[in-house]
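The values are calculated or read from the model by the stated rules, or taken from the named source; none is laboratory data. All values reported here derive from a predicted model rather than from experimental measurement. Neighbour counts run over all protein chains shown; Cβ positions are idealised from the backbone, glycine included.
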Amino acid sequence: MKAPIAITLIFAGLFAAGALAQPAPPNDSWRYKLQKTEDGFLRLDAQTGQVSHCKPKDGNWTCETAADDRSALEAEIKRLSDLVAMLEKQANDPVNRFRTPSDQEIEQVMSLFEKMMKRFRGVVENLKKEWEAEAPNKG
């Protein structure tokens with residue numbers, strides 16, 4: 001009867017050792033989140049947002065930081081925020097709000113107005129010709 005007890009103790013010991021060797025299930029307090037890929041894992045650092053690609057290399061696991069445009073995007077956001085602030089400051093500056101137009105600006109507006117009036121006159125002349133052609137001859 002001692003053999004079945006010994007076998008039971010061996011299996012219990014192996015089961016306990018196997019259970020201890022297993023990592024604890026992931027929970028929200030873990031810093032790193034892993035996602036399986038074809039050749040390894042993607043590792044997300046939950047604190048910094050940095051992503052690394054981990055894979056076996058020469059018998060060891062290595063993790064290389066994934067290409068990240070975060071710094072470039074943050075720099076562009078800062079540049080655009082600074083530009084918006086500068087434009088808002090200019091728009092709210094009384095000197096820019098109540099200035100008189102320059103001679104060049106006046107010439108541009110007048111040139112545009114002249115083109116519009118010539119085109120309008122051409123339309124009116126064409127309509128007048130069409131009406132005269134359609135009107136019955138009096139007399």
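In table form, for the structure just shown:
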{"read-out": "Boolean, LYS55 is of a type in the set (Lys, Arg), at pLDDT 80 or above and closer than 18 Å to THR37 by Cβ", "value": "yes"}
{"read-out": "Options LEU73, LEU80; residue that is under 26 Å from the mean Cα position of the chain (by Cα), without any contact (Cβ under 8 Å) to a residue 12 or more places away in the chain and within 30 Å of GLN35 (Cβ to Cβ)", "value": "LEU73"}
{"read-out": "Wholly enclosed strands (runs of 3 or more DSSP E) of region 35-104 bearing at least 1 residues out of contact with any strand residue (DSSP E or B) (no Cβ under 7 Å at 6 or more places or on another chain) and either surrounded by 11 or more Cβ atoms within 10 Å (Cβ to Cβ) or at negative phi (or both)", "value": "51-57, 60-65"}
{"read-out": "Residue selected from region 67-117 under the condition of a type in the set (Asp, Glu) and closer than 30 Å to HIS53 by Cα, by the criterion modelled with the lowest pLDDT", "value": "ASP68"}
